[in-house]
Amino acid sequence: MERPGPAEETVEETIDDLHSLVRAAGEHGPYVLVGASIGGIFIQAYQHAFPADVAALVFTNSSNRIGMQVKSKVGLIWDLSEDELRSAYPLPPDSRNPAPTREEDPFDRLPPDLQKVRLWLDVRLWEKSDPSKAGPESLLSWRKEFLREFDQTEPGRKPPLGSLPVVVVASDPAAPESQRRSRDNAAPRLDSLSSNTLHITAAGSGHEIHLYQPDRVIEGILRALSSVRAGVPLVSTRWQP
């Protein structure tokens, strides 16, 4: 099912693979898409490419700041130019980490059988990785998506997703307006994507909320589903654990 592309985890290849997968599986949209961490930019891109296929978006601690060292300069990938990102490649062979032998925190919170599956996948990924052959394509595609999010949520602009249900599950409460205007962080902008947005705070959670506080993620998904099925704003939905 996976189609060969220029690099692992480019936005374009990932959403194309997902689109092909749901079609081949016989699934019928529209879908409620859930994106954790960097997955947040993938579900945004999927909605942008296939808007009729998406009923709601749920973000869980979606990526906020992604930095990169380019020679002697360190910066956020959306502040660095494309040429600067390209200049960081190829990576040195010694940048490859040792082969994984067990799951570390927080993935050691998974049930033992799932830890075994994840470790098997981690080892497979390690075996096929070669830093000397890696390129900047994935980072460049991520950079493009972050810049689009920034541009679409500039102060004074209408929410780019209209009234599409958007649930933001995050470790921190919704950011004040001053932070939403800044490009120092990406996550605060998620609350400005739609006029129909619900922010759920998972206070004290680690980055992977689905492992630290799974009830918060379940709440977000069920609130999105209720909003879609009943055709009511997210603030009108109810949650009972």
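The values are calculated or read from the model by the stated rules, or taken from the named source; none is laboratory data. Since this is a predicted model, take the numbers as computed values, not measurements. Cβ atoms come from the backbone with ideal geometry, glycine included; neighbour counts cover every protein chain shown.
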Residue selected from the stretch 150-161 under the condition of a type outside the set (S, T, N, Q) and outside any helix (DSSP H, G or I), by the criterion surrounded by the most Cβ atoms within 10 Å (Cβ to Cβ): L161
Residue in the stretch 77-95 that is at pLDDT 95 or above and at positive phi present: no
Count of residues meeting criterion [of a type outside the set (A, V, I, L, M, F, W, C) and part of a helix (DSSP H, G or I)] in the stretch 48-93: 8
Residue that is nearest to L57 (Cα to Cα), among those in the stretch 189-241 that are in contact with a Ser or Thr (Cβ under 7 Å, 6 or more places away or on another chain) and among the β-branched types (V, I, T): V217
Residue within the stretch 13-31 that is closer than 22 Å to L164 by Cα and small (G, A, S) present: yes
From S129, S141, residue being in the same structural domain as Y212 (by TED's automatic domain parsing), among the small types (G, A, S) and either buried (at least 17 other Cβ atoms within 10 Å of the Cβ) or out of contact with any His (no Cβ under 7 Å at 6 or more places or on another chain) (or both): S141
In the stretch 84-101, the residues that are within 30 Å of S205 (Cβ to Cβ) and surrounded by 12 or more Cβ atoms within 10 Å (Cβ to Cβ): P100
Filtered residues of the stretch 98-149 (kept if aliphatic (A, V, I, L, M) and either part of a loop (DSSP other than H, G, I, E, B) or within 17 Å of E12 (Cα to Cα) (or both)): A99, L110, A134, L139, L140, L147
Residue count, the stretch 217-238 (criterion: surrounded by 14 or more Cβ atoms within 10 Å (Cβ to Cβ) and not in a helix (DSSP H, G or I)): 2
Selection status of A175, among the hydrophobic types (A, V, I, L, M, F, W, C) and within 18 Å of the chain's Cα centre (by Cα): no
Among the candidates S63, S81, residue that is under 25 Å from V123 (Cα atoms), out of contact with any Lys or Arg (no Cβ under 8 Å at 6 or more places or on another chain), surrounded by 11 or more Cβ atoms within 10 Å (Cβ to Cβ) and not hydrophobic (A, V, I, L, M, F, W, C): S63
Single match in L211, L234, L225 (criterion: within 27 Å of P30 (Cβ to Cβ) and touching a Lys or Arg at 6+ places or on another chain (Cβ under 7 Å)): L234
Among the residues listed as E27, E104, the single one being exposed (fewer than 11 other Cβ atoms within 10 Å of the Cβ) and assigned by TED's automatic domain parsing to the domain that holds T197: E27
Residue within the stretch 182-198 that is touching a Phe, Trp or Tyr at 6+ places or on another chain (Cβ under 6 Å), closer than 25 Å to R157 by Cβ and basic (K, R) present: yes
